[in-house]
Each structure stands twice: as structure tokens, then as C-alpha cells.
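Data block below; observations after.
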Amino acid sequence: MCPTGCSTPKPPSSKAPITPPVIATCAESPPYEPAKWNSPPVINSTNCYAYAANDPNGHPPGKPQPGQHCGHPFTKVDCASVGAASVCDGMIPAPNPPTPRPGYYPVALVMDPGVDYHWYRQGNDGTWSHKPGNTAARNVDATGDPITNPEAAHRDYSPDGPNYSVFCGYYYVPQAGIRTGP
Amino acid sequence: MFPKRGYAQARKGNKMANAQFTVGDAWRQRFLSGMDLVRRFAHYDLPRVSESNLDLDQAVAALNSLARGRFQTSDRLDERDQGRPPAPTPPPQIDISARYCLFALNALTAKGEFVSSPTGGICFEDPFWAVLSAAALAQKKATALPKAGSNEELWRNSSMVNEAVRAGDYKESSFFQEIKGWISPAEFPTYETKVVRGEQLAALRDRGFQTLEGTTPPRFYELFTAPRS
């Protein structure tokens, strides 16, 4: 059951499951606003984590890191360490698929173990977007397709980047966002 | 004095203790081979240090001096002054439980900009490539990341550099990928030494990039990148 302001799109046929599954849309999720994120100084001072946390402003050049704001940054590039550090900053573990939670929107953590982590966030139209490192925010996956489900999205950027082959899980972020970075 | 057997000197709280280059004692020879090639193609009056006297601090100072353009030009060296060319070498064996010394450069690369983790820069397992990268930066070329399709190719390429220099057609862009600048807030290149566990170095060799532990949070480094057509 969706809370007020949220809705779950119906599949085209009640007998034909959608592949990949469509995740509930939520008006409480932040809108996709690339212009807000893709100009200096924001583009050069935020990454996927700040984007997932909807925390664009007030960062020094660089990349806010999970756990940095609460004083306990992650120590290993794996789901457990990055996830725990993000919870320390204020994210809340969510079920898979994430059920709508009033006052929160869902984000997803993926991993190239030992190499890099990455976050996606759901927008208020139900699709997902992300901001790789200090590059531009985008609403397409590694092959240029719109992202309706981060677990099913193409996440292999090799050889020019990581292959986020491991889907760690979903987390909730308060609608107002959370503060990241130092 | 630099300890014998290729072990890095203990300093800064013993962080460097018991770490060695994967090429062991031959790191000095690899370093000076690179310096000799630079003298040959760039005609720089670089610090002259005998192999037996070269220590890690001198090596880092020479890299930074070279990369920042603080050298004096001189007349072309006589042929008899040329040093030994780098001997072709396969990648040295790694003991995954050992600790190894690398040179690191605070370069911002395209991958480093793309990843979510904090960026550390470029690592050089082979001192030869550290010297050649510093020379590329000295030429005001924004190239410093070695190009190779694999770690094995990276080691093989050092002899190709030698051949290109001696043939007079060495181009930095043939062997190094462009970089995008320096990791903020730095405004100029800085080389330093970095110690990694053998297990992490093996992973770094495997794909050419890896996030290395030793800092909190860990930082992303590159060793080489596949050439782009």
C-alpha cells in the first residue's frame, strides 16, 4: 500500500509480470534536476553519495564519502562497510523491493568489490538517476537506457570504469535529504 | 643511508619499514635507466647520482623536481654519457603477504573523476615509468598515466620506450594517457612513496585500477589504462 503521494504503476497485464519489475513511484522523491547538479561548483564537489542523499551544496571540491559526516567513514569497499557507514550518516536499510515509506525516498547501493561503490536514487516520476563521481548527473544506465530498476540496470562501465556487478540493496533517505561530507 | 636489499628506509613512523619494490634492489637501476633516457631525449641536466648512492628520498625529490620543471637545460650529452638501457623484464613475482613500495602521483584521471571513492592518483610499480611520467609532465604535456593493455604489456613497453628514444621518435602520447589535472586542492604534481600489501598490488595489476586500503576511507588508484583508439 502506498502512502499519500505515492503510487505503484500497474503492469500492462495482471497475468504478465513486468521484467524488470517496476518499483513504486513516490512524489516524496526528489525530482530529476540535472541542471542543479551539473554546473560548477556542485558538479566538482559532489558524487553519487551526495546525489543519493540530495545534498548538493556547501561541499569543498572532491567527493563526500559515506560515514564521513558522522565521523566513521567506510574502511573497505564492500556492501557491509559502505552500507554501515551510510546508515551512520542517517540512511535507513530498506527491503527489496523497497516499499513506500512516508517522508522518505529510496536509494540503491551497488558495488564493484574492492574497486568502487555507487548509488542510485529514485525520482518522483519513478525512474532512477545517478551522478558518477565528479561527472554529470544522468538518468540512464551504462548502455544509455532509462533506469526503471537499478537492480536490473546495466552497471558495467569497463574498460573505462568500474563494473558495479554486485547489487547490495536499498536504503531510505529522509525526504529533506541528509548531510554528507565533512 | 638507504638499507641494503631493496628495503625502503624506515621513516614517518615506520610506515615504510620492511616494504620493498617488487624489483627489489633493481629499483635503482630501473630509476636511473629512466633518467638516462630522459637526458637523451630532453637534454635535461638532471641530478647525477650513482646507483649505489641513490636513496628513496633522492628519487622522490628528483621526480618532483623533474615534473615541476625545476631543472636546467644543458647541451646534449655525449654518447659516452648515456646510461644502460632498461633491460626487458617480465612482471616480478608478488608475495601476497608482503608489503611493497610504489611511487604515487596525485594526478586526476578520467576514471578517478568518474568513481565514487576518493581519488588517490596514479601508482608506479616500476620506477622507470615514474621517471618517464615526470618527464612527460616536464614537457608540459598533460600525460602521465601509462598506456598498456595489461600489466605484462606495461613491463614489456619499457624496452619500446628505449627503442623509440634511441630512434629519435619518442612521443609521450604514445606511451601515456592524458590526465585531467591534480587532485584538489593540489595545483601541481607531487610524487611520493606508497606502501601496499601484495594482495592489493595483485588486484591493481589485474585490471589496472583498484581502491587501495591504508587510508580511511580507501583511495582509488590506477596503474595503467588500455590505449584508446
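Computed from the coordinates by the stated procedures, all read-outs in this text should not be read as laboratory data. Nothing here was measured: the structure is a model prediction, and the numbers come from that model. Here the Cβ is made from the backbone with ideal geometry for all residues, glycine too, and neighbour counts use every protein chain on show.
About the Cα centre, and with charges only on the beta carbon of Lys, Arg (+1) and Asp, Glu (-1), how big is the dipole of chain A? Nearest 20 debye, please.
300 debye
Roughly what angle does helix A:79-89 make with the longest principal axis of chain A, taking Cα atoms, 0 to 90 degrees, to the nearest 10?
80 degrees
Kindly put B:213, A:33 in sequence by how many other C-beta atoms sit within 10 Å of each C-beta, fewest to most.
The fewest-first ordering by Cβ neighbours comes to A:33, B:213.
Sort the following peptides by mean Cβ neighbour count (other Cβ atoms within 10 Å, averaged over residues), highest first: B:61-69, A:126-134.
By packing density, highest mean first, the sequence is A:126-134, B:61-69.
Relative to the Cα centre, what is the charge dipole magnitude of segment B:24-222, using +1 at the beta carbon of each Lys and Arg, -1 at the beta carbon of each Asp and Glu, and rounding to the nearest 20 debye?
300 debye
In peptide B:106-113, what is the residue-averaged number of other protein chain Cβ atoms found within 10 Å of each Cβ?
Mean partner-chain Cβ count within 10 Å for B:106-113: 3.
To the nearest µm²/s, what D does Stokes-Einstein give for segment B:24-222 at 25 °C and 0.890 mPa s, using the Kirkwood radius over alpha carbon pairs as Rh?
144 µm²/s
If you take each beta carbon of peptide B:216-225 and count the beta carbons of other chains within 10 angstrom, what is the mean?
4
Residues of B:24-36, mean number of Cβ from any other protein chain within 10 Å of their own Cβ, rounded to a whole number?
Values: counts 0, 0, 0, 0, 0, 0, 0, 0, 0, 0, 0, 0, 0.
Whole-number average of other-chain Cβ neighbours for B:24-36 is 0.
Which ordering of B:111, B:171 is given by a fewest-first count of other beta-carbon atoms within 10 Å?
Least crowded to most crowded, the residues run B:171, B:111.
Considering the dipole of segment B:24-222 built from charges on the beta carbon (Lys and Arg +1, Asp and Glu -1) around the Cα centre, which of B:167, B:31, B:201 is farthest to its positive end?
B:167
According to the square roots a ≥ b ≥ c of the eigenvalues of the Cα gyration tensor, what is the shape class of segment B:134-181, taking rounded for a/c under 1.5, prolate for a/b larger than b/c otherwise, and oblate for the remainder?
Oblate shape, in that a/c is at least 1.5 and b/c is the bigger or equal ratio.
Neighbour counts of other C-beta atoms within 10 Å: give me B:173, A:158 arranged from fewest to most.
B:173, A:158
Going by average Cβ neighbours within 10 Å, how do the peptides B:125-137, A:44-56, B:187-199, A:161-173 rank, with the highest at the top?
B:125-137, A:44-56, A:161-173, B:187-199
Roughly how many nanometres apart are two label points built 7 Å out from the Cα toward the Cβ at residue B:97 and residue B:142?
That separation, rounded to one decimal, is 4.6 nm.
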